[in-house]
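Only the coordinates and a few stated rules stand behind these numbers; no lab work does. Not measured: the values here are computed from a predicted model. We place every Cβ from the backbone using ideal geometry, glycine too, and count neighbours over all the protein chains shown.
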Amino acid sequence: MLRKRMLGCLLLAGSLAIVACGKKETPAELAAANDTSPLSFVPADTPYVLANPEPMPEATINRWREQAQQVWPLLIPMLDDAAGKLGEKEPKFKLLFKALIEEFRTRSTPEQWQEIGLGPKVRSAIYGVGVLPVLRVELTNVEGFKAAIARVEKAAGMSLGTARVGEQDVRTFEVEDGLGLIAFEGSHLVVTVVPKAADEALKRRMLGLDRPAQSIAASGAFAAFDKSQGFLPYGSGWLDSRRLVALIGTPQSGVPGEALDPICRAEYDAMAAKMPRLSFGYTKLDANAMDVRMRLELEPALAKSLVDLGSTVPGSARSDALFDFGFGVPVLKARDFLVAQADLVAKAPYQCKDLASLNAEFAKLKSGIDKTMPPPLADLIGVHMTIDELVLPADAPPIPSDFAGSLLVGSNNPMFLVGLAQMSMPPLQKLHLNPDGKPVALPAEVMGAVGAKYEAQVAMGPKVLGLAVGKTAIANLSAAVMQTPTADGTIFSFDASGRIYQLMGDLFSNPTITASMPAEQQATMEAQRKLYALYAQWFKHIHMRMAFTSAGIDFVETVEMNPATPAAQIAQ
């Protein structure tokens with residue numbers, strides 16, 4: 001009988017082997033099975049992901065390496081200071097923080113970081129399996145990373161827990177209402193959090209022991225996303241609010257909870273449809289420049305309502321200035337937009353009990369703003385401030401020894417602003433302004449003691465009142481007040497020269513400011529001064545902008561670097 005059973009098993013195994021050999025996998029299936037990139041573990045239906053399918057460009061890595069080596073000696077003392085100030089309410093965190101500082105204290109070169117597995121040319125991904133988060137990153141030295149964990153545990157006097165998931169060894173740690181898991185799979189470090197009651201099947205999915213039926217690598221979804229958005233493969237991703245909301249109260253979420261009733265489900269889905277996705281990524285990245293864009297996609301009708309508010313920032317962004325800041329404030333149009341949103345809620349109140357409080361909030365909002373607004377507030381449409389020059393003395397109170405700058409106020413009735421100013425300051429009654437952009441000298445007595453040192457002029461355009469101090473600013477005043485705002489939807493802009501960091505560093509070294517400080521605080525200020533001196537040499541220009549577009553709300557940041565500076569030239 002035993003022989004017959006063994007023979008049957010052998011025949012069955014042989015039959016299965018023949019069937020398996022007869023099944024031909026497609027090239028795509030073979031490629032997916034052999035793919036070990038972090039993206040190959042990300043489910044195609046993940047609600048959120050941030051990943052770099054490719055390592056950073058070599059030139060960028062080299063530049064960042066130089067900067068890291070320059071800044072590291074300054075950061076460590078600041079971290080020591082922060083560790084010393086940690087309260088005793090979290091003694092375990094304080095011990096862990098100090099242990100981490102000791103582990104990283106002397107690691108200032110790429111070779112030293114690679115000893116513990118942290119190299120620059122790696123790929124990584126943060127993503128959701130359901131709503132639960134996973135971090136997956138390639139390590140250059142897994143055993144080195146494990147050894148670093150052991151040293152930190154010993155120094156902190158605490159240890160991670162241990163467990164097994166299938167055949168996988170797992171380290172564990174407690175989090176609020178959950179359990180953290182750390183695993184090393186091949187060259188990957190995997191960190192995730194699951195509910196404390198999670199079964200083994202969920203843990204296997206989170207750790208990637210059971211791969212998704214289809215990944216965003218195999219489906220091509222991530223590559224297609226980057227191409228459609230114009231993103232580079234060095235760090236990009238999305239948060240899909242519709243997918244995220246659809247998972248609430250479902251078994252696929254990975255989080256236990258009650259299922260939503262049909263009314264709540266419909267209202268949550270409708271809210272998500274208003275803002276369906278947040279996307280972000282690099283559009284330029286090299287050793288000398290970086291461009292990043294984040295976009296909050298909006299329902300077309302909602303996006304159009306914001307675009308209709310118009311670009312109302314007076315003047316234009318000045319990339320050649322020391323500092324330039326502007327924002328649009330179309331007060332009346334913004335009020336009408338908010339009232340319209342409140343009216344929509346009033347006509348169709350939320351029925352879901354979890355959202356019922358929004359009905360009262362929108363009603364309160366409307367009652368607070370749906371009233372006649374007095375001028376000049378009602379006429380306000382934007383503000384723009386520019387600093388062209390600012391020189392602070394090194395050994396005196398931080399009062400500018402040289403200054404040039406301007407202030408523009410956008411208004412539907414700038415003449416009313418002039419009238420208010422003349423009523424409050426009698427010397428201004430001598431001014432005679434017309435909306436023709438022609439500058440007029442500001443009476444010296446208005447400027448007080450500063451008036452003898454700096455020339456100041458005012459000018460008015462059809463919708464802008466401007467004040468300029470100093471020759472550089474005065475030269476641009478007439479054109480600025482007459483300029484029509486650009487039609488690119490800009491609602492906020494910020495520009496700064498790297499020189500601004502040098503000024504900040506000068507403030508931290510000014511004896512008038514530091515003299516009254518305790519010795520240890522003076523040491524911190526000196527470290528800050530050196531840090532800002534580095535920034536001044538690194539950064540040439542920084543630009544940020546927020547704009548309303550037909551696709552949604554765009555947030556753009558552009559950083560332009562100065563030529564690389566050897567560490568030996570950094571001011572000490």
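Taken over the range 135-185, residues that are outside any helix (DSSP H, G or I) and either touching a strand residue (DSSP E or B) at 6+ places or on another chain (Cβ under 9 Å) or hydroxyl-bearing (Ser, Thr, Tyr) (or both) amount to 29. Screening Thr472, Thr514, Thr486 for residues that are touching a Ser or Thr at 6+ places or on another chain (Cβ under 8 Å) and hydroxyl-bearing (Ser, Thr, Tyr) leaves exactly one candidate, Thr486.
Within the range 215-224, is even one residue surrounded by fewer than 19 Cβ atoms within 10 Å (Cβ to Cβ), part of a loop (DSSP other than H, G, I, E, B) and among the polar types (S, T, N, Q)? Scanning the range 215-224 turns up no residue that is surrounded by fewer than 19 Cβ atoms within 10 Å (Cβ to Cβ), part of a loop (DSSP other than H, G, I, E, B) and among the polar types (S, T, N, Q).
Taking Gly368 as the residue in question, decide whether it is more than 27 Å from Val464 (Cα to Cα) and surrounded by fewer than 16 Cβ atoms within 10 Å (Cβ to Cβ). Yes. Residues considered: Ala468, Ala473, Ala456. Of these, the only one that is crowded, with 19+ Cβ neighbours inside 10 Å and either in contact with a Gly (Cβ under 6 Å, 6 or more places away or on another chain) or β-branched (Val, Ile, Thr) (or both) is Ala473.
Please state which of the following conditions Phe325 fails to meet, knowing it meets all the rest: (1) surrounded by fewer than 18 Cβ atoms within 10 Å (Cβ to Cβ); (2) touching a strand residue (DSSP E or B) at 6+ places or on another chain (Cβ under 8 Å). Tallying (1) surrounded by fewer than 18 Cβ atoms within 10 Å (Cβ to Cβ); (2) touching a strand residue (DSSP E or B) at 6+ places or on another chain (Cβ under 8 Å), Phe325 fails exactly one: (1). Residues that are part of a helix (DSSP H, G or I) and free of Cβ contacts under 8 Å to residues at least 60 places away in the same chain within the range 529-552 comprise Arg529, Tyr532, Ala533, Tyr535, Ala536, Gln537, listed in sequence order.
The helices (runs of 4 or more DSSP H) found entirely in the range 347-447 that carry 1 or more residues being over 30 Å from Tyr268 (Cα atoms) are 414-424, 444-447.
Among the residues of the range 277-297, is there at least one that is in a strand (DSSP E or B), crowded, with 18+ Cβ neighbours inside 10 Å, among the hydroxyl-bearing types (Ser, Thr, Tyr) and touching a helix residue (DSSP H, G or I) at 6+ places or on another chain (Cβ under 8 Å)? Yes, the range 277-297 has at least one match. Picking from residues in the range 448-461 that are touching a residue at least 40 places away in the same chain (Cβ under 8 Å) and part of a loop (DSSP other than H, G, I, E, B), the one that is farthest from Asp402 (Cα to Cα) is Gly461. Within the range 108-134, being out of contact with any Lys or Arg (no Cβ under 9 Å at 6 or more places or on another chain), assigned to a loop (DSSP other than H, G, I, E, B) and either surrounded by 20 or more Cβ atoms within 10 Å (Cβ to Cβ) or of a type in the set (Val, Ile, Thr) (or both) holds for Val122, Val131.
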